[in-house]
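Here the structure comes first, spelled out in structure tokens, and everything after it is commentary.
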Amino acid sequence: MSETDATSGPSGTAASDPLTPRAAPQVAGLAAVLREAVTSGRTRPRAYREQQLDALVRMLLQNVSQWQAALAADLGKSEIEAHLTEIGVLVAEARSARRSLRRWMAPTHVIAPLALQPALAKTVAEPLGAALVIAPWNYPLQLALAPAIGAIAAGDAVAIKPSEVAPATSALLAKLVPAYLDERAVRVVEGGVDETTALLAERWDLIFYTGNGTAARIVAAAAAKHLTPTVLELGGKSPVYVHRSADLAVAADRIAWGKWLNAGQTCVAPDHVLVDREVEAELVAELRRATTEQLGDARTSPDFGRIVNERHVERLAGLLGGATVVTGGEVDGASRYMAPTILTDVTDGAPAMQEEIFGPILPVLPIDGVDGFIDAMRGAEKPLALYVFARDADAVRRVERETSSGAVGVNVAVAHVGAGNLPFGGVGESGSGAYHGKASFEAFSHRKPVLSKPTAIDTLRLIYPPFDQQWRRALVQRILG
Ligand code: NAD
């Protein structure tokens, strides 16, 4: 990267704008203050949005080592992981939005029906207004700013509430965002439940929440009071199905990578593996090999992260029962370490199968073919992601068609999130709404239909009363086809 850490004040638009207020964020009335930036027209011009997206990229690139240090403090993220899953993702997302903005903002024309001709029919995207983004701790930078990129691109104003569970990243966002972005339209409000509760009492035009389903229900109930639409990005137990036709070595490499990334604290991490019974032993051996190859001694590996806090270490330690630990199992609360752990012989009712694991524990359970997998999925909540590893095209097709999930990865785990032009979101218990790329722009916009007719010829006169008998009959016939 050519742009390195800034030692002096960065050159964002807000920094040079003398009108920009510098006061600490106020929660009461904040939505109205931010909405004013939209209704006044300030955030609408494409040039303004482009400038803000450029400023956001500068904020990321000019402070790389500060972001890395914060992510390392919160989650023990390595430099590479910080680039791969947080900073780099955001730079790519912001640049892509910047490049695509003219196209996204252009009206979409459709053909008006004959009965309404002559007429022009189109949709125009307008900003929703003031958006609230509530972020979780596991990708504390990416999940705070990626929705904000959508909001800025759409011409909205946005308040970002980072997760208090990742305090170093939260504090850095609160420090750098006002230094680079227009404070009239983008604010960071730090805090936990109290601050979020205060924010939720405000009337927003969209609430974009990422996190667990329990808090999502609180968010949705608060949004309902103001008829505010929500995007809910939630989680769940994302399963992996390994068919007997799979390339087991490749499957193991990809599952292990997706699972051990961020120490398993990824919303789309493979939660557990369901494998055709006849290849279970071979897959488990391959998973052990892949884990050793990728991380060696995970405790000293610079590439393996830490659990976010001791409370979560304790929660994860409680998920080891009712199964055989074939590798891993070591837990150290003080250093927030949990070893990459593979479980087999998972009993009915084993704790790891009762909730989303969200840590480096991978239960492997035998299953009887595609039918067995599809049956299991029918009885489960719809997950955020579902992965199938198979070379048998029919098995893949059946899984794709006969199961429901936020997304499907075929012979990949987690990597689908990197396809920035694919919408990302859940269904059912794993959430509603989607974002990334153009889907982000759409999520933060109202697609307004516009029908416009010339007045020179009034064809609508044909449907004005009074109707004589003959015309009445002709009209009814025409309407009913
Ligand atoms: P968290 O504890 O950081 O909570 C998320 C946000 O909700 C935080 O900003 C927090 O302050 C707020 N919050 C918590 N309790 C609240 C309450 N009572 N009222 C109002 N706001 C409240 O993060 P988490 O929920 O533990 O995150 C992990 C979960 O998020 C997992 O289920 C994971 O799968 C899911 N997740 C989903 C995605 C996705 O993109 N779909 C991404 C990451 C994580």
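The values are calculated or read from the model by the stated rules, or taken from the named source; none is laboratory data. Remember, it's a predicted structure, so these values are computed and weren't measured experimentally. All Cβ positions, glycine included, derive from the backbone under ideal geometry; neighbour counts span all protein chains shown. Side chains included, ligands, DNA and RNA excluded: accessible areas come from the protein's heavy atoms. Shrake-Rupley method; radii C 1.70, N 1.55, O 1.52, S 1.80 Å.
Would you mind telling me which numbered condition in (1) open to solvent by 100 Å² or more (accessible area, probe 1.4 Å); (2) under 30 Å from L145 (Cβ atoms) R447 fails?
Failed condition: (1).
Identify the residue in region 410-432 that is small (G, A, S), assigned to a helix (DSSP H, G or I) and in contact with a Lys or Arg (Cβ under 9 Å, 6 or more places away or on another chain) and, among all such residues, is nearest to P270 (Cα to Cα).
Checked region 410-432; the qualifying residue nearest to P270 (Cα to Cα) is A415.
Condition check: open to solvent by 10 Å² or more (accessible area, probe 1.4 Å) and more than 9 Å from the ligand (Cβ to nearest atom). Does A154 satisfy that?
Spelling it out, it is not the case that A154 is open to solvent by 10 Å² or more (accessible area, probe 1.4 Å) and more than 9 Å from the ligand (Cβ to nearest atom).
State all residues of region 389-409 that are more than 21 Å from the chain's Cα centre (by Cα) and not in a loop (DSSP other than H, G, I, E, B); if no residue qualifies, say none.
Selection gives F389, A393, D394, A395, V396, R397, R398, V399, E400, R401, E402.
Could you pull out the residue among P127, P140 that is within 13 Å of the ligand (Cβ to nearest atom), touching a residue at least 60 places away in the same chain (Cβ under 8 Å) and of a type outside the set (S, T, Y)?
Answer to the selection: P140.
This table checks each residue for (1) free of Cβ contacts under 8 Å to residues at least 60 places away in the same chain; (2) more than 30 Å from A72 (Cα to Cα); (3) more than 16 Å from the ligand (Cβ to nearest atom).
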position	(1), (2), (3)
A263	no, no, no
R277	no, yes, yes
L283	no, yes, yes
T327	yes, no, yes
A334	yes, no, yes
D345	yes, yes, yes
D348	yes, yes, yes
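Within region 413-433, does at least one residue satisfy the condition of being surrounded by 18 or more Cβ atoms within 10 Å (Cβ to Cβ), under 24 Å from D368 (Cβ atoms) and without any contact (Cβ under 8 Å) to a residue 40 or more places away in the chain?
No: region 413-433 contains no residue that is surrounded by 18 or more Cβ atoms within 10 Å (Cβ to Cβ), under 24 Å from D368 (Cβ atoms) and without any contact (Cβ under 8 Å) to a residue 40 or more places away in the chain.
Tell me which residues, restricted to region 157-170, are more than 9 Å from the ligand (Cβ to nearest atom) and touching a residue at least 40 places away in the same chain (Cβ under 8 Å).
The answer is A157, V158, A159, P167, A168, T169.
For the subset of region 235-254 comprising residues that are open to solvent by less than 20 Å² (accessible area, probe 1.4 Å) and over 17 Å from V396 (Cα atoms), which member is farthest from the ligand (Cβ to nearest atom)?
A252
Working only within region 251-277, note down all residues that are touching a strand residue (DSSP E or B) at 6+ places or on another chain (Cβ under 8 Å) and β-branched (V, I, T).
Result: I255, V268, V273, V275.
Within the bounds of region 106-124, is there any residue that is surrounded by 19 or more Cβ atoms within 10 Å (Cβ to Cβ), of a type outside the set (D, E, K, R), touching a helix residue (DSSP H, G or I) at 6+ places or on another chain (Cβ under 9 Å) and in contact (Cβ under 8 Å) with a residue 60 or more places away in the chain? Please lay out each step first, then the result.
Just the residues of region 106-124 that are surrounded by 19 or more Cβ atoms within 10 Å (Cβ to Cβ), to begin with: none.
No, there is no match, as no residue in region 106-124 is surrounded by 19 or more Cβ atoms within 10 Å (Cβ to Cβ), of a type outside the set (D, E, K, R), touching a helix residue (DSSP H, G or I) at 6+ places or on another chain (Cβ under 9 Å) and in contact (Cβ under 8 Å) with a residue 60 or more places away in the chain.
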